[in-house]
Amino acid sequence: MQNLFVKSSFLFLTAFSFLISLEVLAQDDLLASLDSIPVKSARALPTFKTTRIVNSHSVETVKAHHLDFRVTHHFGNAGVKGGGHTIFGLDNASDIRIAFEYGVNERLTVGAGRSKIGEMIDTYLKYRVLYQTEDNTVPVSLTVFANAAMTATDDINGPYSSDFNNRLSYTYEVMIARRFNNRLSWQLMPAFLHRNFVSNPRDENDLFVLGTGVRLKLTKRFALLADYYLIFSGFRSENKDLYFPPLGLGIEIETGGHVFHLHFTNNPAIIENSYLANSTDSWAKGQFKFGFNISRTFGIGKKSRM
């Protein structure tokens, strides 16, 4: 059954990639009609400033023919086991991720990255289905996301060395967002996580998740950010003192074309495959970490058609 799921997941990703590639070669009639929206139904301004909120992806995709080089860093706990002797966690690194993300066109982004936790390597596809319009003919933006991740940890006494399939996990997510005005943007994120292996036999391989994110612009160059995920899991409900919902709070600073995110989160891990299932730190216990996102975008190949 496990092998069947793995095969079906790879077939899904392959089919997804193939269908999207058709759009790159020749516009589908429906997408062509969306791209030919009349002036009165012009696309609204971007819902979010970047492709991330705090922990979560946003509905935004990388510009066409641009490469986004990203470094994300989560330090150690600022409170418990932190404090002054670790400079409030700055001496430690909970997780570090280095990634490259490329805009195939204005709708499709492909990405790959490597994280410290689990020595995890991930690849993903992100596709913009709908753009919100100024006259609310299309009232929301909608983006779909799918990734596959593999832990490269080589533990001869652990489960990962026995079967390659045990190393794999997958996340599927739908992002629905709306820009209400020049200050407030909101996003809803139903998601599904499958892990081929779980160490506790009572834990679930499949997790259904509902996330939400918000951006509140305070000044021209400064905004507040937050995102939160509710995990639907009987195992986690029975172990409320061990597992906690991921909650991220941050600020966004725009300076001359660059956007910086500084944030605090209770989840050590950076990618969905890790933090959705394994956030064992609690804000209430002082187990929150400072982190940041650094992003640098380079134009490659053809110029983006905006």
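The values are calculated or read from the model by the stated rules, or taken from the named source; none is laboratory data. Remember, it's a predicted structure, so these values are computed and weren't measured experimentally. With ideal geometry, Cβ positions are generated from the backbone for all residues, glycine too; neighbour counts draw on all protein chains shown.
Side notes on the structure shown:
- Remark: residue 170 matches the filter, which requires a residue to be in contact with a His (Cβ under 6 Å, 6 or more places away or on another chain), modelled with pLDDT of 95 or more and within 28 Å of residue 50 (Cα to Cα).
- Every pair of residues 6+ apart whose Cβ atoms lie under 9 Å, when the first sits in region 132-144 and is free of Cβ contacts under 8 Å to residues at least 12 places away in the same chain while the second is assigned to a loop (DSSP other than H, G, I, E, B) and surrounded by 16 or more Cβ atoms within 10 Å (Cβ to Cβ): 136/44
- In region 280-293, the residues that are within 17 Å of residue 240 (Cβ to Cβ) and touching a residue at least 60 places away in the same chain (Cβ under 8 Å) reach residues that are exposed (fewer than 15 other Cβ atoms within 10 Å of the Cβ) and of a type in the set (Val, Ile, Thr) with C-beta atoms within less than 7 angstrom, at least six apart or across chains, in these pairs: 285/80; 287/80.
- Yes/no for residue 174 being within 29 Å of residue 268 (Cα to Cα) and among the aliphatic types (A, V, I, L, M): yes
- Top-ranked residue of region 212-259 - restricted to ones that are surrounded by 12 or more Cβ atoms within 10 Å (Cβ to Cβ) and of a type in the set (D, E, K, R), ranked as nearest to residue 188 (Cα to Cα): 227
- When residues of region 203-244 are limited to those that are assigned to a strand (DSSP E or B), out of contact with any Pro (no Cβ under 8 Å at 6 or more places or on another chain) and of a type in the set (Ser, Thr, Tyr), the one nearest to residue 55 (Cα to Cα): 212
- Strands (runs of 3 or more DSSP E) wholly inside region 100-156 that include at least 3 residues being in contact with a Lys or Arg (Cβ under 6 Å, 6 or more places away or on another chain) and more than 18 Å from residue 67 (Cβ to Cβ): 141-151
- Only one of 76, 113, 82, 103 that is surrounded by 18 or more Cβ atoms within 10 Å (Cβ to Cβ), out of contact with any helix residue (DSSP H, G or I) (no Cβ under 8 Å at 6 or more places or on another chain) and modelled with pLDDT under 95: 82
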